[in-house]
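First the structure, in the form of structure tokens, and then the observations on it.
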Ligand SMILES: *Cc1c(COP(=O)(O)O)cnc(C)c1O
């Protein structure tokens, strides 16, 4: 892929970084965390130059992975790209469920196909490639599981040390995959924001780079590829609505940025999908802020949900999520754990599609939106299945058969 390159080393199209709240400019090619205002930095490109250098039809001849969008990504030197095979993820129609509901197109973007089994690979492939490019040798992050797994994998591949802190009830498979892929991992008796504090406080004594969600500028660029890919897969169009399971919101913010960049390039028009932030009723800070008309979302106390990936009590990019939701004429919606569990089972049984719990939350939110009329049956919607369903606990299946006795086949029905 990268060897037969259209990609000889050359300047990227990055012009600068920009504070997402105050607009202050920061130099590219330097190590940055949050802006001085304590908010995420966004990567800016010379889009006129990109437009002159590449057309959307040029993409057709490239590999089917997200590095095909390299003009819109920040890595400068090919040798710094850390890759584990970031395939373009398929769009899978839930046709049986669609028929059951009398609905139009329900499309799942199946992010479980990515390396490490979740869309965290997109963000971390970029963040770790940039960490390599900027000479970082030690990183740390808080995680609910999947981000830590992706960090561990990409860092080990890049020869970078990684330290990971997760809540002590993080799914067992996540903690073990993190350890197996070479990170040092600790289970902490707290939530992800408590783990985040350990990472922040450890910066000085440990000398690590804090690679937490939105606290470095490049994970958004990786997650942005979901929007680029989706538009390309839909023939340079966007759906009517996107249901996104929202924790830190990196993907929602990234896709919103992607659509703006694509429009500036003239690759898509002005139409935007409704961006719908999906949370659980047990942890819904963005939903509350959306309903209260606020620009920021205070910490959600006693956060709990079976969808661990969206158990994020506070998000440093809260205002960016809320802006995208509002500008797109979308909304934020909370679903109960019971609805998530029901959606999880129903989609698996009816369409043979094993969602992850957070992906199931988007289906539950879609169904709730049909009921309350915020989405119409004719809308073409995209649900994000952010990780492989195989990573999560499933209901027991214990039926046993004794092969030493005659088998009553009629009883198997
Ligand atoms: C991280 C994660 C989310 C939330 O993604 P953000 O972009 O951080 O909001 C949802 N589901 C799963 C499975 C995750 O790992």
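The values are calculated or read from the model by the stated rules, or taken from the named source; none is laboratory data. Model, not experiment: these values are computed from the prediction. FYI the Cβ positions are ideal-geometry reconstructions off the backbone, even for glycines, and counts take in every protein chain you see.
If the condition is being within 23 Å of residue 149 (Cβ to Cβ) and in a loop (DSSP other than H, G, I, E, B), then the range 88-136 contributes 88, 89, 90, 114, 119, 134, 136.
Part of a helix (DSSP H, G or I), touching a strand residue (DSSP E or B) at 6+ places or on another chain (Cβ under 7 Å) and either under 30 Å from residue 272 (Cβ atoms) or at pLDDT 95 or above (or both) - does that describe any residue in the range 178-186? The answer is yes, given that some residue of the range 178-186 is part of a helix (DSSP H, G or I), touching a strand residue (DSSP E or B) at 6+ places or on another chain (Cβ under 7 Å) and either under 30 Å from residue 272 (Cβ atoms) or at pLDDT 95 or above (or both).
Inspection of the range 310-317 finds no residue satisfying the criterion of being modelled with pLDDT of 95 or more and over 26 Å from residue 35 (Cα atoms). Can residue 383 be described as under 22 Å from residue 219 (Cα atoms), under 22 Å from the mean Cα position of the chain (by Cα) and touching a residue at least 12 places away in the same chain (Cβ under 8 Å)? Judged against the criteria, residue 383 is a match. Within the range 235-254, can one find any residue that is on the phi > 0 side of the Ramachandran plot, touching a helix residue (DSSP H, G or I) at 6+ places or on another chain (Cβ under 6 Å) and either near the ligand (Cβ under 9 Å from one of its atoms) or free of Cβ contacts under 8 Å to residues at least 60 places away in the same chain (or both)? Yes, there is a match, as at least one residue in the range 235-254 is on the phi > 0 side of the Ramachandran plot, touching a helix residue (DSSP H, G or I) at 6+ places or on another chain (Cβ under 6 Å) and either near the ligand (Cβ under 9 Å from one of its atoms) or free of Cβ contacts under 8 Å to residues at least 60 places away in the same chain (or both). Of the numbered criteria (1) surrounded by 15 or more Cβ atoms within 10 Å (Cβ to Cβ); (2) within 26 Å of residue 146 (Cα to Cα), the one residue 45 fails is (2). Being buried (at least 16 other Cβ atoms within 10 Å of the Cβ) and more than 14 Å from the chain's Cα centre (by Cα) holds for only one residue in 98, 104, and it is 98.
On the given criteria, is residue 158 modelled with pLDDT of 95 or more and within 12 Å of the ligand (Cβ to nearest atom)? Answer is no for this residue. Here is the figure for the range 48-78: residues that are surrounded by 15 or more Cβ atoms within 10 Å (Cβ to Cβ), within 19 Å of residue 223 (Cβ to Cβ) and free of Cβ contacts under 8 Å to residues at least 40 places away in the same chain total 1.
Across the range 209-221, a minimum of one residue is classified as within 12 Å of the ligand (Cβ to nearest atom), under 19 Å from residue 129 (Cα atoms) and in a helix (DSSP H, G or I). Taking the range 292-304 as the region of interest, how many residues are in contact (Cβ under 8 Å) with a residue 40 or more places away in the chain and within 24 Å of residue 343 (Cβ to Cβ)? Qualifying residue count, the range 292-304: 1.
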